[in-house]
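Written below as structure tokens is the structure these notes are about.
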Amino acid sequence: MAKVRIENLKKYFGSVKALNGIDIEIKDGKFVVLLGPSGCGKTTLLRCISGLEKVTEGKIFFDSTDVTNLPPKSRNVSMVFQSYAVWPHMKVYENIAYPMKIKGYDKNKIEEKVLWAAKTLNISELLDRYPAQLSGGQRQRVAVARAIVLEPEVLLMDEPLSNLDALLRVSMRSELKKLQERLGTTTIYVTHDQVEAMTMGDEIAVMQNGVIQQYGTPEEIYHKPANVFVAGFIGSPQMNFMEVQILKEKNELFLRNESLNIRLTDDLKTELGNKIQNKNDVFILGIRPENIHKEKTDISKFEPIEGKVYFIERLGSDTIVHLEFKGTRIVSKLPGDVKINEGESLKMYIDLSKIHVFSKIDGKALI
Amino acid sequence: MIKKIFIIFVSILIILWFLTPVFLIVLASLTPSEDYYDQQRILPKRLTFDHLYKLFVVLDGWRATLNSLQVAAMAIGLSFLVGLPAGYVLTRYVFPGKNAIRLSILLTRSFPTLIIAVPLIMIYLRLGIGDTLFSVALAHTSFILPFVVLITTSILSGISVEYEEAGMIFGLSRIGAFMKITLPLALPGLAASAIFAFIMSWNEVFISSVLTFVNRTLPAQILNTAMTSPDYFKFAAGTVMAIPAMVFIFFTRKYLMSMWGISLK
Amino acid sequence: MTYRKDAIPYLILLPTILYLVAFLGYPLIQTFILAFTSETGAFGNFQRLMDSGDFWKALKNTLLITGIIVPLQLILAIALALFVNMRFKGYSMILYVISIPLALSDVSAALMSYNIFAPTGYLNKILLKLGLLDRPLYFFGYMFQNREFWIIVLTEVWRATPLVFVIILAGLQSINKEYLEAADVFGFSSWQKLTRIILPLLKPSIMSALLIRTLFAFQIFGVVWLLAGRDILILAGEAYYWHNNVNDPHMSSTYAIVIAVVSLIISWFYISILRSRELEGETK
């Protein structure tokens with residue numbers, strides 16, 4: 001078990017900057033998810049940590065050991081690959097035992113540990129089979145068993161669930177998470193699936209363009225997105241964005257554009273007021289779909305919008321309403337049983353205590 | 001039903017068309033000479049191994065066969081020794097100029113080998129290896145090596161890098177991971193390509209006959225004596241040349257398509 | 001440190017490159033030097049070549065053989081590939097039978113052909129036995145050049161059609177079945193499926209098969225040399241003859257250069273057609 005610290009890590013492939021200055025400190029025993037769209041550098045970062053990829057610049061520490069220039073075999077990491085990489089020419093038993101065989105463990109010790117790992121992953125009855133005789137889910141369990149059998153300092157997982165079918169993926173999520181909690185191994189997990197990230201991660205690092213956009217707990221990432229990218233990437237349906245200007249009138253702050261004129265609540269006013277330098281700047285207002293309601297409770301904290309229902313997605317548990325509102329489309333998430341028809345006119349209310357405001361210049365969150 | 005009859009009919013035609021010449025040359029090589037020259041006799045009264053025996057023992061055919069085997073073995077050994085690492089690098093590494101190198105190796109395949117034969121003799125004479133089997137092997141390597149590089153590139157790229165990387169993660173060095181993980185997985189394909197390389201060398205006639213006079217390979221020997229020896233010896237020689245190649249191709253038929261795809265590109 | 005690591009792929013490739021330079025590149029240059037040295041100046045050998053009737057005969061024959069066998073092989077190969085691709089029971093056995101000539105050298109193929117068409121060969125034996133002939137039919141010898149020529153064509157078709165077949169079949173197998181299913185849905189006849197869908201999609205395979213076969217056909221040697229000797233002059237045969245029988249490496253190299261140059265032109269021709277098709281595809 002180890003703390004992982006990364007300092008100003010850069011990785012260039014020719015002129016492509018896959019990682020462009022990564023700084024992160026992962027606490028001992030945490031389950032950390034690297035989340036981002038494809039091409040954001042998350043897998044490259046994982047591979048740099050594993051040692052499979054040489055870094056261009058920067059340092060990687062496990063506890064206080066500088067492992068930057070060590071080959072993978074000297075790092076005491078293990079990894080679960082996207083394709084599982086369960087060696088096809090070895091039986092399951094040999095696959096799990098091989099890492100220990102390389103390191104020269106004695107036979108009894110190997111057997112004891114293999115049986116333990118197999119039991120932990122519920123694959124004891126598969127030990128005598130070849131990988132070709134296993135299903136995808138079983139192969140994955142073998143890959144995980146192989147990865148934990150040596151009790152590594154750092155366990156790396158590269159989209160391990162992406163090749164499983166939907167049902168199995170959900171059950172494996174909780175199983176992997178519980179396993180990690182039991183073992184307490186520092187785990188770094190790469191995925192592009194935000195649900196996976198939110199449900200499994202103690203902490204999430206959202207990445208884009210080779211840079212970590214935000215590092216925090218799932219709650220922080222969701223409720224306090226650091227910038228427009230994180231706000232837009234996390235959450236489904238996506239957050240609604242609108243350009244607004246901030247105007248000051250008689251000690252009040254207004255978010256205003258051609259279709260909206262929102263008076264800020266007192267809490268937000270003080271929070272935002274300190275951060276505004278130039279009144280003429282353009283800002284981005286962000287509202288999550290679930291914060292637009294059909295009913296209001298308190299007039300001062302809700303802003304009404306009225307428009308025509310353009311399209312309805314009935315998902316059973318939820319109803320996603322696309323509202324045509326003065327030239328823009330606003331998406332709202334309502335309960336599954338609401339009675340709305342396409343084409344009708346509808347009045348809805350924005351919960352003003354839950355809005356986000358970002359700078360248009362650098363995308364950073366202001367509130 | 002009509003379709004079934006059509007398939008059977010065409011299949012028989014194909015089998016007859018492709019196998020009759022092979023069958024007849026084997027038959028001729030086993031036919032006693034008096035039966036062969038008897039115009040009224042199609043099938044011989046008895047079969048004899050006389051021609052094969054004479055070809056091998058009296059006419060030194062065994063030596064030419066042995067020469068062919070040696071040349072093929074040397075050429076294959078050399079080609080894999082040099083070409084396998086090259087193929088590995090071309091699959092697993094990303095580096096500037098990779099495509100240019102790959103393309104130029106590919107281009108050498110469209111290059112008529114006979115045009116290098118003449119200067120090669122002079123080079124060999126200067127090196128003091130003129131008229132040796134080793135010199136023929138060197139020349140064969142010049143066209144087998146590009147094949148080996150390309151075929152190993154294709155075989156290795158069919159084996160997921162992640163197997164090798166998993167090996168590295170779990171305690172092997174890069175070379176160790178290649179030897180212990182990738183190589184065993186690539187072995188059937190590599191064996192098949194070695195057999196193809198063998199056929200390429202075994203069948204090559206032009207360079208071998210230009211480069212050697214005393215130490216001739218089997219096809220070179222046949223080419224140079226064919227016009228002067230009795231017909232049934234030629235057929236015995238043809239049989240000797242054809243059978244191993246046919247047997248080998250039978251064992252590698254699973255890889256046939258991909259091999260020829262590569263070797264012809 | 002990083003510099004050394006970056007050099008690794010080049011270091012591993014170095015032996016291959018050096019080998020090819022030494023055993024292909026260097027001899028190639030030597031061939032050029034040989035071809036361009038003569039007592040009568042740089043182009044003396046080429047002058048001699050042009051002036052000799054043999055060269056023009058060899059060129060004509062080589063082009064003729066290429067021009068006849070390549071289209072024949074292509075048509076036969078497409079037919080065979082379509083047949084095998086029906087995937088009937090036992091098709092893999094047929095596949096193996098067709099691929100047998102791939103393993104045979106031109107020498108064996110020529111001998112097999114000779115075995116059938118020789119004066120005491122099986123064809124004559126059968127025809128005599130059946131009473132269709134009263135004396136053997138001759139196919140070989142200077143007097144029968146015409147017959148020799150067609151025997152060579154037949155032998156080459158037998159020997160090298162499988163080569164084209166393998167390429168075409170590979171192309172055929174890579175055609176997405178859904179295209180054909182779509183054609184079924186829209187009511188195409190089998191003939192329409194072949195001409196409107198299969199053949200157009202097969203074009204890249206056909207082109208590369210044509211390229212390869214044309215190149216190889218242009219270097220034809222073993223079959224002609226064994227069956228006809230110098231009755232039928234061909235370019236590669238002349239290169240061999242000038243080297244082995246006349247001991248003149250200069251003329252031999254000159255023939256080799258002609259073969260190489262024509263091969264290059266053929267490759268360039270095919271590749272430029274292929275290239276332009278690719279570009280068309282991109283703009284679509």
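Give me the residue from the stretch A:56-83 that is charged (D, E, K, R) and surrounded by 15 or more Cβ atoms within 10 Å (Cβ to Cβ) and, out of that set, farthest from the other protein chains (Cβ to nearest Cβ).
Checked the stretch A:56-83; the qualifying residue farthest from the other protein chains (Cβ to nearest Cβ) is A:Arg75.
Considering the conditions (1) more than 9 Å from chain C (Cβ to nearest Cβ); (2) farther than 22 Å from C:Gly237 by Cα; (3) modelled with pLDDT under 85; (4) over 14 Å from the mean Cα position of the chain (by Cα), B:Leu107 is excluded by exactly one of them, (1). Comparison of C:Leu72, C:Leu49, C:Leu64 shows that the only residue that is under 30 Å from C:Pro101 (Cβ atoms), part of a helix (DSSP H, G or I) and either modelled with pLDDT under 90 or away from chain B (no Cβ under 14 Å) (or both) is C:Leu64. Of the strands (runs of 3 or more DSSP E) lying entirely inside the stretch A:307-364, none contains at least 2 residues that are closer than 16 Å to A:Lys294 by Cβ, in contact with a Cys (Cβ under 7 Å, 6 or more places away or on another chain) and without any contact (Cβ under 8 Å) to a residue 60 or more places away in the chain. Just a yes or no: is a residue in the stretch A:300-311 within 25 Å of A:Glu219 (Cβ to Cβ), surrounded by 11 or more Cβ atoms within 10 Å (Cβ to Cβ), in contact with a Phe, Trp or Tyr (Cβ under 6 Å, 6 or more places away or on another chain) and not assigned by TED's automatic domain parsing to the domain that holds A:Pro225? Yes, the stretch A:300-311 has at least one match.
So for the stretch B:46-59 (the condition being assigned to a loop (DSSP other than H, G, I, E, B), away from chain C (no Cβ under 11 Å) and touching a residue at least 40 places away in the same chain (Cβ under 8 Å)), does at least one residue qualify?
yes
The set of residues in the stretch C:81-112 that are at the interface with another protein chain (Cβ under 7 Å from one of its Cβ atoms), part of a helix (DSSP H, G or I) and polar (S, T, N, Q) comprises C:Ser99, C:Ser108.
Matching residues to (1) more than 11 Å from chain B (Cβ to nearest Cβ); (2) under 13 Å from the mean Cα position of the chain (by Cα); (3) surrounded by fewer than 14 Cβ atoms within 10 Å (Cβ to Cβ); (4) in contact (Cβ under 8 Å) with a residue 24 or more places away in the chain:
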residue: C:Leu137; (1), (2), (3), (4): yes, no, no, no
residue: C:Met143; (1), (2), (3), (4): yes, no, yes, no
residue: C:Phe149; (1), (2), (3), (4): yes, no, no, yes
residue: C:Leu154; (1), (2), (3), (4): no, no, no, yes
residue: C:Arg159; (1), (2), (3), (4): no, yes, no, yes
residue: C:Phe165; (1), (2), (3), (4): no, yes, no, yes
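Contact annotation: residue pairs with Cβ atoms under 8 Å, 6 or more positions apart or on different chains, pairing a residue in the stretch A:149-170 that is at pLDDT 90 or above with a partner that is assigned to a helix (DSSP H, G or I) and aromatic (Phe, Trp, Tyr), are A:Val149/A:Trp116. The criterion of at least 1 residues that are more than 7 Å from chain C (Cβ to nearest Cβ) and polar (S, T, N, Q) is met by the following helices (runs of 4 or more DSSP H) wholly inside the stretch B:145-262: B:183-203, B:206-211, B:218-225, B:231-251. Summed over the stretch A:143-168, the residues that are under 25 Å from the mean Cα position of the chain (by Cα), surrounded by 18 or more Cβ atoms within 10 Å (Cβ to Cβ) and not in a loop (DSSP other than H, G, I, E, B) give a count of 10. Candidates A:Lys101, A:Lys119: the one that is part of a helix (DSSP H, G or I), in the same structural domain as A:Arg182 (by TED's automatic domain parsing), among the basic types (Lys, Arg) and under 19 Å from A:Val77 (Cβ atoms) is A:Lys101.
The values are calculated or read from the model by the stated rules, or taken from the named source; none is laboratory data. Worth saying up front: this structure is predicted, and the values here are computed from it rather than measured. Methodologically, a virtual Cβ is constructed for each residue, glycine included, from the backbone with ideal geometry; neighbour enumeration extends over all protein chains shown.
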